[in-house]
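The values are calculated or read from the model by the stated rules, or taken from the named source; none is laboratory data. Just so we're clear, the structure is a prediction, and the values are computed from it rather than from any experiment. A quick note on method: Cβ atoms are made from the backbone with ideal geometry, for glycine too, and the neighbour counts reach across all protein chains shown. What goes into the accessible areas is simple: the full protein's heavy atoms, side chains included, and nothing from ligands, DNA or RNA. Shrake-Rupley method; radii C 1.70, N 1.55, O 1.52, S 1.80 Å.
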Amino acid sequence: MKISWFQCLCLILLLLQLTTVSTLESFEVLGPADPVVAVLGEDVVLPCYLKPNISAVDLHIEWLRVHTEDPLVHLYRDQEDRNEKQIASYRGRTSLFSEQLKNGNVSLKLRNAQVSDNGEYKCLVQSGKFYDDSSIEVHIKVVGTQPVISNEGYKEGGISLVCESKGWFPQPEVVWMDSEGHSLPAGHTETHTDSMDLFTVRQRVIVEETENNRFTCRVRQQQINEMKETITNIPGEMFHRAHPWKVTFAVIFSLAAVCIIGCSVLIHRFVKLRKKRVDVTLDPDTAHPQLVLSDGRKQVRRGDTKQELPDNPDRFKRRISVLGKEGFSSGRHYWEVQVGEKTDWTLGVARESINRKEYFALNPNNGLWALRLIGNKYEACTDPPVSLNLSVKPKKVGVFVDYEEGQVSFYSVEDKSRIYTFTGYKFTEKLYPYFWPGAPNSAPLIISPVIYTD
């Protein structure tokens, strides 16, 4: 039987069609083996490709959320996007790479990543009755704040410390460690979420006196490989109240030492204490014109009017503040300030280059590490400020600076409790004591005289 040229042509076209259909029905959909990590608020690409890299222009492409009732994230069919039934939270945020569809690239671009985007996705591609898909895990990454350690005072034979960090996603874990990196037994981790579904974590631990009294709070999120930690040092004297027997032992030991060694030991001790204390006086060249300093430069109050004073480069012009005369660029320094019954004041340390002529936010970013009282509200001047709930209103505040360790601590002298510690900083400039005495004609801030006692 003879085959005409027309029949031959039809046979060739049929074979070509069958070959095309066979090619289209033999692809794989491939996604990444590892989770895709996206930063909150940034754009992210969810990779997905066809193997072989045939054209996907005429194919049916769906991006879906797994384990949801309304799963559609993005739909492409009949050579156009069809997102009428798309999940509302994805509207206006998804797109394919239209120029790359011909190369088998069916990846999804997701703009302005949100916490709610966290989870498992499915990339599905269909040709006729044939389809294949691939699952992709998306991890939204939000790194929280530097942990803040607070001292709750004496409890259960030790000192209760609280560590708090805000703004994490996913939820991190909190670990307390001693100076050698060993984990400490701690209470359960308190967690809550804010309006953006970001986690705040808080954990307490009871610590006992060690050789160096250094403790670390580490907040880590292994899923996104992120970690932050804060180290705190507790003066040994803080543990005496928690362990009264140690005080008794120390007294007995001291008396014995006096009897055996004599007065030379006492003299040595006084010299050692003197090196740890600083005799702070106020610097009139830095004082705002509305401030009134005592003759001995140990007291400062705010007057009604400005004095006629030279506007030298060191003088505060906007902030009604004054610095200590003595600055320091190394070592440990401690001084005490009587605040009495005052209802507003600010105390701390400022770096030498602090802005003397304009207003500035009270926080370490602007070179100030301070504690303040406004009305009945105590705050650590961080960014943003941290509110402090104090069971006893301090009438005398101790300020301790460890320059090399990058720490500034505040203490209530009456009950020898720590109020707050700034930690983890690297000081590079000379630091000066900082004072703001509050409202006009209120009681002055008084720098306590240095008393060398044990």
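Screening the stretch 392-415 for residues that are hydroxyl-bearing (Ser, Thr, Tyr) and open to solvent by 10 Å² or more (accessible area, probe 1.4 Å) and picking the one that is farthest from residue 432 (Cα to Cα) gives 411. Taking residues in the stretch 178-193 that are touching a residue at least 24 places away in the same chain (Cβ under 8 Å) and among the charged types (D, E, K, R), and partners anywhere that are part of a strand (DSSP E or B) and open to solvent by less than 70 Å² (accessible area, probe 1.4 Å), the pairs with Cβ atoms closer than 9 Å and at least 6 places apart or on different chains are 178/207; 178/215; 178/216. Output yes when any residue across the stretch 185-202 is of a type in the set (Phe, Trp, Tyr), closer than 22 Å to residue 406 by Cβ and open to solvent by less than 80 Å² (accessible area, probe 1.4 Å), and no when none is. No, every residue in the stretch 185-202 fails to be of a type in the set (Phe, Trp, Tyr), closer than 22 Å to residue 406 by Cβ and open to solvent by less than 80 Å² (accessible area, probe 1.4 Å). Between 120, 99, 69, the distinction of being assigned to a strand (DSSP E or B) and either out of contact with any Phe, Trp or Tyr (no Cβ under 6 Å at 6 or more places or on another chain) or not polar (S, T, N, Q) (or both) belongs to 120 only.
Restricting the stretch 365-377 to residues that are out of contact with any Phe, Trp or Tyr (no Cβ under 6 Å at 6 or more places or on another chain) and open to solvent by 20 Å² or more (accessible area, probe 1.4 Å), the residue that is nearest to residue 431 (Cα to Cα) is 365.
Look through 340, 327, 331, 348 and report the one residue that is in contact with a strand residue (DSSP E or B) (Cβ under 9 Å, 6 or more places away or on another chain) and surrounded by 21 or more Cβ atoms within 10 Å (Cβ to Cβ).
Among 340, 327, 331, 348, only 348 is in contact with a strand residue (DSSP E or B) (Cβ under 9 Å, 6 or more places away or on another chain) and surrounded by 21 or more Cβ atoms within 10 Å (Cβ to Cβ).
Entry remark, the stretch 43-66: residues being in a loop (DSSP other than H, G, I, E, B) and out of contact with any Gly (no Cβ under 9 Å at 6 or more places or on another chain) number 4 in total. Please tell me if residue 411 is without any contact (Cβ under 8 Å) to a residue 24 or more places away in the chain and within 14 Å of residue 334 (Cβ to Cβ). Taking the combined requirement at face value, the residue satisfies it. Of all the criteria given as (1) more than 26 Å from the chain's Cα centre (by Cα); (2) of a type outside the set (A, V, I, L, M); (3) surrounded by fewer than 22 Cβ atoms within 10 Å (Cβ to Cβ); (4) at pLDDT 90 or above, the one not satisfied by residue 435 is (3).
Residue pairs whose Cβ atoms lie under 9 Å apart, separated by 6 or more positions or on different chains, with the first residue in the stretch 338-363 and farther than 13 Å from residue 379 by Cα and the second of a type in the set (Ser, Thr, Tyr) and loosely packed, with under 15 Cβ neighbours inside 10 Å, are 351/428; 352/329. A residue that is among the polar types (S, T, N, Q) and either surrounded by 16 or more Cβ atoms within 10 Å (Cβ to Cβ) or closer than 30 Å to residue 70 by Cα (or both) occurs nowhere in the stretch 204-212. Could you look through the stretch 142-163, keep only residues that are under 9 Å from the mean Cα position of the chain (by Cα) and within 30 Å of residue 119 (Cβ to Cβ), and pick out the one that is most open to solvent (accessible area, probe 1.4 Å)? The residue in question is 146.
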